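J.: Can you keep this structure in mind? I'll have questions shortly.
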Amino acid sequence: MRAMSTRAQISLLVVLPVLVVAALIATAQRVPVPEIGRGYVLRVELPSADATSILPEVAGREGLPLVVIDPGHGGHDPGASGQGFREKTIVLGLARALRDELERQGDVRVAMTRDDDRYLVHAERVEIARRLDADLFLSIHADSAGDAEEVTGASIYTLSNEASSEAAARFAERENASDRLNGVDVGGQSDVVSTILVELSQRRTQEQSGEFARLILREGEGTIRFHPRARNSAALKVLRAPDVPSVLFESGFITNETDAQRLASPEGRARFAEVMARAIRIYFARQQES
């Protein structure tokens, strides 16, 4: 018997599977599939729909101005890492130290967006401040410089002008049906009027945010090591509340050994808390005067 040609062999390889499948279909047979892996199911527990309806506890005497402290990251999001530390843990320690210092002094009210290892999206953090009618929002983070371990110093971020205008337009579009802004009901207003009201509010909020940022720099001089470019503005989602002055404080570079040790130590946390509490008190005193 003469050997089958190469072309015939290739044709058979193509046609044979088709014929097998057709035969199985015609006889209603099912090809057994290995069960390996079928029982593996990844389940992720999601928060309930009303999880954000529970607001954090507010400490302090009624009638005092309220600052909401936001430790960044948390839960499945560790943030930056370096020198054996994780950002979410570092900033929670700083936030607790500041909260305790403010409670000890007793001249402001204070709340935290998180006081444990949970994750909140940016919108939740901002919404907590707005729903509590906060007078100031401070988000605390720690920076990373990758392999550049020599980079050091704290920095302060406020919302950029371009991001402010964009955020104002989006807020007006989303909220003008039934919301209040600085105590003014913007519900029922036209899109144009609502956007103007939000922009005016956000302009004032930016001015107040800038004032608080300047106070942090002034009060931290000689105590906190700042980055050479300490003042910055950016399109950060966590700063976009149109009616709550907001600042993001990058407390230092977790990738720098000196910074990381300082931020993780009781002494470093205490120095941070003293400086920030002083800046907050001065800020509120100026707001009351004006």
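Here's the yes/no breakdown for (1) at pLDDT 70 or above; (2) assigned to a loop (DSSP other than H, G, I, E, B); (3) under 22 Å from the mean Cα position of the chain (by Cα); (4) over 20 Å from ILE128 (Cα atoms):
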residue: SER165; (1), (2), (3), (4): no, no, yes, yes
residue: GLY188; (1), (2), (3), (4): no, yes, no, yes
residue: LEU197; (1), (2), (3), (4): no, no, no, yes
residue: SER209; (1), (2), (3), (4): yes, no, yes, no
residue: HIS227; (1), (2), (3), (4): yes, no, yes, yes
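J.: Restricting to the stretch 95-126, what's the tally of residues that are in contact with a strand residue (DSSP E or B) (Cβ under 6 Å, 6 or more places away or on another chain) and farther than 15 Å from PHE137 by Cα?
T.: Final tally of qualifying residues: 4.
J.: Now a separate question. List pairs: first residue in the stretch 125-138 and farther than 14 Å from LEU248 by Cα and open to solvent by less than 40 Å² (accessible area, probe 1.4 Å), second residue assigned to a helix (DSSP H, G or I) and at pLDDT below 95 anywhere in the structure, Cβ distance under 9 angstrom, at least six positions apart or on different chains.
T.: Going by the 9 Å Cβ cut-off, the qualifying pairs are ILE128/THR52.
J.: Looking at the stretch 202-223 only, could you name the residues that are within 19 Å of ARG262 (Cα to Cα), touching a strand residue (DSSP E or B) at 6+ places or on another chain (Cβ under 9 Å) and open to solvent by 20 Å² or more (accessible area, probe 1.4 Å)?
T.: The answer is LEU217, and nothing else.
J.: Among GLN261, GLN202, which is part of a helix (DSSP H, G or I) and within 19 Å of VAL151 (Cβ to Cβ)?
T.: GLN261
J.: Quick one: count up the residues across the stretch 229-245 that are in a loop (DSSP other than H, G, I, E, B) and not charged (D, E, K, R).
T.: Counting residues in the stretch 229-245 that are in a loop (DSSP other than H, G, I, E, B) and not charged (D, E, K, R) gives 6.
J.: Right, another one. State which residue is nearest to ALA148 (Cα to Cα) when the search covers only the stretch 61-98 and only residues that are in contact with a His (Cβ under 7 Å, 6 or more places away or on another chain) and part of a loop (DSSP other than H, G, I, E, B).
T.: Going through the qualifying residues, I end up with GLY79.
J.: Find all pairs meeting these conditions: Cβ atoms under 8 angstrom apart; at least six residues apart or on different chains; first residue within the stretch 43-66 and within 14 Å of ILE128 (Cβ to Cβ) and open to solvent by less than 70 Å² (accessible area, probe 1.4 Å); second residue polar (S, T, N, Q) and at pLDDT 95 or above.
T.: Partner pairs satisfying both residue conditions: PRO56/THR113.
J.: For the stretch 252-279: of the residues being among the charged types (D, E, K, R) and either closer than 21 Å to PHE212 by Cα or touching a helix residue (DSSP H, G or I) at 6+ places or on another chain (Cβ under 6 Å) (or both), which is least open to solvent (accessible area, probe 1.4 Å)?
T.: Step by step, filter the stretch 252-279, then rank; the result is ARG262.
J.: Now a separate question. With respect to LEU248, is the statement that it is assigned to a strand (DSSP E or B), among the aliphatic types (A, V, I, L, M) and in contact with a strand residue (DSSP E or B) (Cβ under 6 Å, 6 or more places away or on another chain) true?
T.: Spelling it out, LEU248 is indeed assigned to a strand (DSSP E or B), among the aliphatic types (A, V, I, L, M) and in contact with a strand residue (DSSP E or B) (Cβ under 6 Å, 6 or more places away or on another chain).
J.: When you go through (1) more than 20 Å from the chain's Cα centre (by Cα); (2) crowded, with 21+ Cβ neighbours inside 10 Å one by one for PHE249, which number turns out not to apply?
T.: Unmet for PHE249, out of (1) more than 20 Å from the chain's Cα centre (by Cα); (2) crowded, with 21+ Cβ neighbours inside 10 Å: (1).
J.: Kindly indicate the residue of the stretch 104-124 that is part of a loop (DSSP other than H, G, I, E, B) and either open to solvent by less than 10 Å² (accessible area, probe 1.4 Å) or among the polar types (S, T, N, Q) (or both) and also nearest to ALA59 (Cα to Cα) among those meeting that condition.
T.: Restricting to residues being part of a loop (DSSP other than H, G, I, E, B) and either open to solvent by less than 10 Å² (accessible area, probe 1.4 Å) or among the polar types (S, T, N, Q) (or both), the top hit is VAL108.
The values are calculated or read from the model by the stated rules, or taken from the named source; none is laboratory data. Everything numeric in this text was worked out from a predicted model, so none of it was measured. Note that each Cβ is placed from the backbone with ideal geometry, even for glycine, and that neighbours are counted across all protein chains shown. Note: areas computed on protein heavy atoms with side chains; ligands, DNA, RNA excluded. Shrake-Rupley method; radii C 1.70, N 1.55, O 1.52, S 1.80 Å.
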